[in-house]
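Okay, so here's the structure we're looking at.
The values are calculated or read from the model by the stated rules, or taken from the named source; none is laboratory data. No experiment lies behind these values; they were computed from the predicted model shown. Here the Cβ is made from the backbone with ideal geometry for all residues, glycine too, and neighbour counts use every protein chain on show. Note: accessible area is taken over every heavy atom of the protein model, side chains too, but ligands, DNA and RNA are not part of it. Shrake-Rupley method; radii C 1.70, N 1.55, O 1.52, S 1.80 Å.
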Amino acid sequence: MVKQKRLAGNATIVRVAQKRDPALLTTVDRSRLMSRVRQTNTAAEKLVRQLVHSLGFRFRTNGKGLPGRPDLVNRKARWAIFVHGCYWHAHEGCRLWKIPAQNRPFWEKKFDDNRKRDQRKLEELEVLGYRVLVIWQCELAKRDSLTLRLLDFLQTQGDGVSQSYRFIAGRSRVARTVRVGSTVSTTLQELPFHPESGVDPGSAFDQAFLRGSHRVLAEAREPLVRTADLFCGCGGLSLGMREACWAVGRPFVAALAVDHDPWALAAYRNNFSPLQSSAEDLEVLLDHEFGETPSVEERRWLATVGSVDVLVAGPPCQGHSDLNNQTRRNDPRNRLYERVGRFVELIRPTHVLIENVPGVVHDREGALARTVELLESLGYLVDADVIDLSRLGVPQKRKRHVLVASFRGSILIASVLERHEVSSRNVAWAVQDLEHRKAGELLDTPSRPSLENLERIRYLLQSDEYDLPNLLRPECHRNDDHSYKSMYGRMTWTEPAQTITSGFGSPGQGRFIHPSQPRTLTPREAARLQFFPDSFSFAGIEKRTYLAQMIGNAVPMKLSWVFGLEFLALESSPESLGPSLGRLFERERAHVE
């Protein structure tokens, strides 16, 4: 309250003057009145200086020799900040500014001259190569919003895509600034823990994200980003795209979600509220081959979908998986990869992201090669490669095959990895805070092992071993040259987890025994390792098998997060092609029909 009174001090002086008869004020009286209005070192300026200094930026005050003598200036970084009192600088629409009723012509001319002078000084600074920010006195009442504005402005300018993080407010918060092209936006993340010394702020930000702590996002601005998710599961790829959109202040719209698993689709709907969703098999919805005239069913369905800016898809990978000893490389489900290509052919989204297991490149039917050939024939720029998601900060050893395609420009996967690579994160980083969490709801309750498996788990903990000796394995796993070393294995705090699968609740399906507790992973711990935050809702899932399947089959959101930023950077590039080609195609198709 005291600060607010101090900030309004200049306006108070004017209100006192309004009570007098302005006609009785002599020139001397008016000059004496105006001299009482402080020109420098106002309370508002001091507060802005303290905030900028706390954010880690250095500056000089009252820049001598520069137009308007900016209140804060950094000549090397070429930026300047003016802190304007709302009354004297005539802040339009602000409660602290009002033209006095008496002697109105005088005050109208006074305020108009002030505005013109301020604009002239700002333009002169910009001609000198300075970036200029104006902060109004009334903005100081909203500290979070002002912090976001300052960080957006003060970060080093540049092209392309970049992320930067910094601790603020005594390391109780982390500010993440994301730049895509010419757009810069900052998110503030509360830290529900005290970060250890030496922890980088980016790691602390993601850790707080996983624990579901409060965030202050940048204000949303148009245009919308319409996303379709095929084989969506519970929504790992959409989660990453949504976070990328929110990071740069773009509204995210889930236009379409398709998955034949009703429980996973229910979880998707609960978290993303898609405009349209379907549990129908994609081979039924898209029943014609590449290059063929759209069928009646395809026309009917796609007419309801509308335009799509970004398509993400995770076709079933079981037919390509090295763990599949029955139908690997020659599985009927492998053709579903091509259904994604058919969707692209008919809808023409501006950007495409498709993920699968690395084994997709060995598919005997050549679904991947045909899909790439189709996309290139449609005019997309395509790249495909296998990436290790641990390089992007996912705390598990998970490799995925990624295909990216865009109408807007070329995206090279190797370059994206170099741009967004972070230091490796281990199991302790992701889930150690859950070590002693009591079982309760399904998410926090581990599976109940058999007596034999419980004895194996206890042996590893008591012996401080991580690999089970052959003698204690089932007979089918006892031969000396077996390749199942991770089966019945214990996790270690200090390394990333093994690839999380739907079998994370069974010690016989991988290295899923907890590092310190006589149990396997809980669904919440597995979800964290898959980069689902605690704020992601799995409400309504009634059976462990349903929950395990959707978590184990999901794609960590870090994958679509980084490629989503790259897509958005192409959208904001001055060399981009203008309106979404998907929308142009839709109008063209409607015209033809």
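Top to bottom by accessible area (1.4 Å), largest first, where do 520, 501 land?
Largest accessible area first, the residues go 501, 520.
Between their Cα atoms, which of 397/485; 399/485; 46/98; 46/142; 64/121; 76/116 are more than 22 Å away from each other? Table pairs above 22 Å Cα-Cα are 46/98; 76/116. Of the residues 475, 421, the one with the largest accessible area comes first in the ranking 475, 421, computed with a 1.4 Å probe on protein heavy atoms.
Using a/c under 1.5 as the rounded threshold, could you call the stretch 70-141 rounded, prolate or oblate? The axes a ≥ b ≥ c are square roots of the C-alpha gyration tensor eigenvalues, and prolate needs a/b larger than b/c, oblate otherwise. It comes out oblate by the Cα gyration axes. Spin-label model, residue 124/residue 423: points 7 Å from Cα along the beta carbon direction are separated by 4.8 nm.
Set the Förster distance to 56 Å, then compute FRET efficiency between residue 112 and residue 381 from the Cβ-Cβ distance, nearest 0.05. The partial results should precede the final answer.
Details: r = 52 Å, r/R0 = 0.93.
So the FRET efficiency works out to roughly 0.60.
Relative to a virtual label point 7 Å from the Cα of residue 391 in the Cα→beta-carbon direction, which members of the stretch 511-539 show backbone nitrogen distances below 18 Å? Output list for this probe position: empty. Here the stretch 110-236 has 49 percent of its accessible surface on carbon and sulfur atoms, given a 1.4 Å probe and all protein chains in place.
Oblate is the label for the stretch 328-399. Its Cα gyration tensor axes, ordered a ≥ b ≥ c, give a/c of at least 1.5 and b/c at or above a/b. Under a Cβ-Cβ cut-off of 12 Å, what is the net charge of the residues other than residue 504 that fall near it, where Lys and Arg count +1 and Asp and Glu count -1? Here the charged neighbours net out to +4. Summed over the residues of the stretch 360-504 and divided among them, the accessible surface reaches 52 Å² per residue at a probe radius of 1.4 Å. The residues of the stretch 226-279 expose, per residue, 26 Å² of accessible area to a 1.4 Å probe.
Each residue was assigned an accessible area with a 1.4 Å probe, and for residue 128 the value is about 90 Å². Placing R0 at 60 angstrom, the Cβ-Cβ distance between residue 475 and residue 270 gives a FRET efficiency of 0.85 after rounding to 0.05. Label sites at residue 221 and residue 58, each approximated as a point 7 angstrom past Cα along Cα to Cβ, lie 3.1 nm apart. Tell me whether the stretch 155-270 comes out rounded, prolate or oblate; compute the Cα gyration tensor, take square roots of the eigenvalues as a ≥ b ≥ c, and use a/c under 1.5 as the rounded threshold. It comes out oblate by the Cα gyration axes. Shown is the FRET efficiency for residue 169 and residue 46, computed with R0 = 22 Å from the Cβ-Cβ distance and rounded to the nearest 0.05: 0.75. Only protein heavy atoms count here; on that basis, with a 1.4 Å probe, residue 491 has an accessible area of about 10 Å².
Can you tally the net charge around residue 83? Count Lys and Arg as +1, Asp and Glu as -1, for every other residue whose Cβ sits under 10 Å from the Cβ of residue 83. Net charge in that neighbourhood comes out at -1. Net charge within 15 Å of residue 288 by Cβ-Cβ distance, Lys/Arg positive one each and Asp/Glu negative one each, not counting residue 288 itself? The answer is -3.
Which order do 211, 425, 250 take when ranked by solvent-accessible area (1.4 Å probe, heavy atoms of all protein chains), largest first? Walk me through the numbers before you get to the answer.
Details: 211 70, 425 15, 250 40 Å².
So the residues, ranked largest to smallest area, are 211, 250, 425.
Here the simple spin-label model places points 7 Å from the Cα toward Cβ, and for residue 288 and residue 300 these points are separated by 1.5 nm. Hey, how many Å between the Cα centroid of the stretch 50-113 and the Cα centroid of the stretch 262-283? Computed from Cα coordinates, the inter-centre distance equals 51 Å.
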